[in-house]
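Step one of this worksheet: look at the structure below.
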Amino acid sequence: MMLQPTLSHYLVVSSCLFVLGLFILVTRRHAVRLLMGIELILNAANINLVAFNHYTATGLDGHVFAIFVMILAACEAAVALAIILAIYQQYANIDIDRMNSMRE
Amino acid sequence: MHSVVEICLIILFLPLISSTALIFFNKRLPRGGDLLATACIGIPFCLAWYVFYRVIAVGHDPQFLITGAMQWFTIGPGNAGWGFHIDNLTAVMLVVVTTVSFCVHVYSIGYMRGEDYYGRYFSYLSLFSFSMLLLVLCDNLLLLYVSWELVGLSSYLLIGFFFRKHSAADACKKAFITTRVGDVGMFIGLLMIYRQTHTFNYIEVFRGVQEAVQSGAWSETTWTIAGILLFCGAIGKSAQFPLHVWLPDAMEGPTPVSALIHAATMVAAGVYLVGRLYPLFSPDALLFIAYTGLITAFFAATIAITQFDIKRVLAYSTISQLGYMMTALGVGGFAAGLCHLMTHAAFKSLLFLCSGSVIHAAHTQDMREMGSLHKKMPVTFWTMLIGAAAISGVPLFSGFYSKDAILASALGFGMEHPNHRIIFIGLLIGAGITGFYMFRLIFMTFFRAPADDHRYRHAHESPRIMTGPLVVLAILSAGAGWFALGEHGWFERLVVPYSVGTAGVAPAAVEADGHSAHNIAMILSIVMAGAGILISAVFYYWKTCSAERWAKALGPIYRLVYNKYYIDELYKKTAVGGTLIAMRILAVFDRVVIDGLVNFSAYFVRAWSYISGAFDLHVVDGAVNGLAWGTRLVGTISTLFQSGVVQNYIMKVVAIVAFILLFQNILTTFL
């Protein structure tokens with residue numbers, strides 16, 4: 001029998017992606033890797049949006065939101081990379097644990 | 001007759017004005033104001049004689065009476081008023097009081113010269129005269145009581161005049177407190193009468209009491225008790241037997257004061273009271289009065305024999321004579337008692353003023369240190385001799401007539417009631433003793449060889465201002481009885497108890513007996529007085545017998561009498577000691593119960609404040625501190641979350657979200 005993808009399959013994939021992103025966010029110290037983790041989480045959300053739209057709703061709302069999210073992610077990446085670059089210029093390092101000069 | 005009331009107003013208020021003026025301004029007035037005070041008693045003195053003359057001029061009317069009253073205030077169902085009650089007795093008393101008071105004022109100018117508080121002394125004298133005149137003039141029991149207490153107050157002030165002397169300060173307290181004891185009884189009697197009659201006015205009271213007795217509202221016993229209670233006041237003021245102790249001590253006052261208070265006026269107030277309120281006394285009460293007087297007369301006379309202080313002899317003699325007056329009133333010799341009051345006022349103030357003159361000269365009061373003064377002080381000697389003759393009852397002197405009348409009434413009473421013959425016998429022996437101790441005084445003071453040369457050489461006659469009053473009083477002492485009771489006998493007809501009809505005793509019957517007994521009484525009294533004088537001459541003039549040997553032979557009796565029957569000691573043991581014990585008990589009560597209560601409440605408050613302090617410290621402060629501690633704990637815990645490491649935050653968010661989801665799942669699964 002031919003395996004038909006259902007909503008659950010998509011949701012499992014997106015969950016896996018989300019957990020991977022979260023894992024990266026929590027465990028890594030490197031700022032760029034964190035950015036990548038965030039991208040993973042956003043994409044997990046995108047998969048959810050598209051999947052729910054495909055299986056439950058009738059319009060294109062999910063798709064539209066997914067495209068919004070992609071745009072937002074692009075913007076975010078641009079801004080975040082700029083900040084990371086600035087930090088690197090300041091500290092010659094982008095380990096987030098050491099960016100605590102605002103704490104003191 | 002209004003003018004008499006107006007004159008009496010002047011008589012009454014002049015001394016009050018001078019007293020008030022002197023107490024405030026005596027330092028600014030010339031000579032300490034003594035002339036003002038003397039003038040303010042001198043004018044009443046003249047006016048009193050004028051009133052007396054008017055009373056006689058009205059003409060032997062026994063019921064002569066002027067009253068004038070004003071409303072004062074209302075108590076319950078009755079009224080109290082200001083008012084005058086002027087009858088023959090009042091007129092006589094006015095003369096007695098003002099005359100003696102005037103003589104004493106004049107004499108004091110000489111006697112008190114140079115003393116401290118000279119002006120104040122005259123102020124007190126005037127206050128005393130005012131009180132005594134009010135006592136004599138007032139028309140109701142309440143005013144009588146007020147003036148009675150005013151007399152007590154001024155006597156207190158005068159006895160304690162030398163207040164720096166410890167004995168004088170003690171004596172004035174003793175006099176005041178002792179008389180207060182009697183006054184309590186008098187006040188109760190007064191209230192009893194007021195409760196029955198709802199009035200204080202003499203005439204209405206007499207009528208009310210008479211009606212109460214007749215209608216049976218008052219039993220005979222109640223009537224007697226009321227009378228005896230009223231008489232208690234007289235016992236205190238007139239120094240009758242149980243309360244006589246203050247009078248000898250009161251000799252600590254200046255001698256003119258002794259003459260004024262303790263001879264002529266204040267002590268006479270008790271006799272006057274009995275005379276004035278005569279219809280209020282039941283026959284039994286009168287018998288009580290008679291026996292009180294008899295005991296007093298006899299026992300004070302025996303003490304007077306043994307004393308050596310010249311003033312104390314006179315003091316005991318005064319007590320004895322007051323006893324005579326009381327007895328006379330008690331046995332129904334109304335006129336006799338009051339006449340003796342009048343003559344006694346004259347000769348006893350004379351004797352006191354003479355003794356003052358002697359003390360002034362000899363600078364001692366002890367008769368053993370005097371002697372042979374008759375050559376040095378002729379005026380004092382002769383006047384004092386007249387006084388002594390008068391008091392001893394030597395014929396033709398005033399005391400003879402009044403004492404004779406008293407003895408006659410007592411004999412008449414004894415004939416009427418044979419059970420009570422002892423009254424006459426006691427008085428008769430007392431009359432002999434009177435002669436004895438008076439002439440003992442005269443012989444010891446004026447005749448014996450001088451005991452102290454130094455004193456003798458410095459003795460001198462007193463100045464005229466002191467001898468003048470002596471002469472005046474000597475004339476009165478010699479003559480008063482003659483024109484009072486003697487051949488005219490107008491006093492007896494003039495001064496009769498206020499009659500309210502048939503109630504009360506009928507002294508007339510007794511007096512009638514008295515007249516028939518008069519001759520026997522007269523002869524016996526002359527014999528007794530002569531015997532007394534003769535024996536004293538044997539002892540102290542010719543010295544045929546030695547007084548010391550007799551005193552030794554009579555050992556215990558002599559000591560008993562010399563120590564005044566130990567009555568002072570008895571009072572010290574019982575009254576004073578009892579009071580002290582009571583006070584000690586009260587002090588213990590104070591210390592244990594009252595202090596205990598106070599201390600307990602203090603202890604309780606302390607314990608309470610300790611508890612509330614602990615509550616403050618632990619609960620309130622604990623709450624505040626606990627709050628702070630809790631806040632800090634929360635803060636400490638929450639700082640753990642604020643690690644500042646972003647990844648930690650994420651972890652926590654994830655953990656919390658995971659927890660919430662899990663929890664929700666568990667809840668939805670099991671509920």
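Please treat every number below as a calculation from the coordinates, not as lab data. For clarity, every value in this text was computed on a predicted model and none was experimentally measured. Here the Cβ is made from the backbone with ideal geometry for all residues, glycine too, and neighbour counts use every protein chain on show.
Data table
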item: Length-normalised contact order of segment B:317-473 in % [C-alpha pairs under 8 Å, at least 6 apart]; result: 35 percent
item: Value of relative contact order over segment B:1-145, rounded to a whole percent, pairs C-alpha under 8 Å and six or more apart; result: 35 percent
item: Exposure proxy ranking, count of Cβ atoms within 10 Å, fewest first, for B:R559, B:R120; result: B:R559, B:R120
item: On Cα atoms only, tilt of B:595-614 relative to the major axis of chain B in degrees; result: 10 degrees
item: Label point distance in nm, A:R98-A:A74, each placed 7 Å from Cα along Cα→Cβ; result: 3.4 nm
item: Spin-label model distance (nm) - B:L617 vs B:I425, 7 Å beyond Cα toward Cβ; result: 9.0 nm
item: Length-normalised contact order of segment B:90-157 in % [C-alpha pairs under 8 Å, at least 6 apart]; result: 34 percent
item: Segment B:621-670: proportion of alpha-carbon pairs further apart than 18 angstrom, %; result: 56 percent
item: Value of D in µm² per second that Stokes-Einstein yields for segment A:7-92, Kirkwood Rh from Cα pairs, at 4 °C (1.567 mPa s); result: 93 µm²/s
item: Coarse-grained scattering of the protein assembly as shown at q = 0.05, 0.07, 0.09 Å⁻¹, given as base-10 log I(q)/I(0) from a Debye sum over alpha-carbon atoms; result: -0.39, -0.59, -0.86
item: Fraction of alpha-carbon pairs over 11 Å apart in segment A:36-77 - percent; result: 61 percent
item: Shielding by other protein chains, B:639-647, mean Cβ within 10 Å; result: 3
item: On Cα atoms only, tilt of B:266-276 relative to the major axis of chain B in degrees; result: 80 degrees
item: Amide H partners (placed H, <5 Å) of B:G83, local residues excluded; result: B:M70, B:D139
item: Derived scalar couplings ³J(HN,Hα) [segment B:251-256; Karplus, 6.51 cos²θ - 1.76 cosθ + 1.60; whole Hz; x for Gly, Pro]; result: 5, 5, x, x, 4, x
item: Distance from segment A:35-101 to segment B:257-332 (C-alpha centre basis), Å; result: 135 Å
item: Packing-based order for B:7-16, A:56-65, using average beta carbon neighbours within 10 Å, highest first; result: B:7-16, A:56-65
item: Gain on full stretching of the segment that runs from B:V605 to B:V634 - 0.36 nm per residue minus C-alpha separation; result: 6.4 nm
item: Neighbour-count ranking [beta-carbon atoms within 10 angstrom, fewest first] of B:K573, B:K348; result: B:K573, B:K348
item: Under 5 Å, built H, 5+ apart or other chain: amide partners of B:M377; result: none
item: B:A39/B:W542 FRET efficiency (R0 51 Å; Cβ-Cβ; nearest 0.05); result: 0.55
item: Greater than 24 Å apart at Cα, pairs in B:K237/B:K311; B:K237/B:K403; B:K173/B:K564; B:K376/B:K543; B:K165/B:K376; B:K348/B:K552; result: B:K165/B:K376; B:K348/B:K552
item: Rounded tilt (10° steps) of B:2-25 against the dominant C-alpha axis of chain B; result: 60 degrees
item: Under the Debye formula (equal points on every Cα, no solvent term), log10 I(q)/I(0) of chain B at q = 0.08, 0.10 Å⁻¹; result: -0.62, -0.92
item: Karplus (6.51, -1.76, 1.60) ³J(HN,Hα), θ = phi - 60°, over segment A:52-69, in Hz, Gly and Pro reported as x; result: 4, 4, 5, 9, 10, 8, 10, x, 10, 4, x, 4, 4, 5, 5, 5, 4, 4
item: Cα→Cβ-extended label distance, 7 Å offset, between B:I660 and B:R464, nm; result: 13.3 nm
item: Distant-in-sequence amide H partners of B:W218 (H built 1.01 Å from N, under 5 Å); result: B:V213
item: Proxy reagent accessibility, fewest Cβ within 10 Å first, across B:T327, B:T222, B:T636, B:T467; result: B:T636, B:T222, B:T467, B:T327
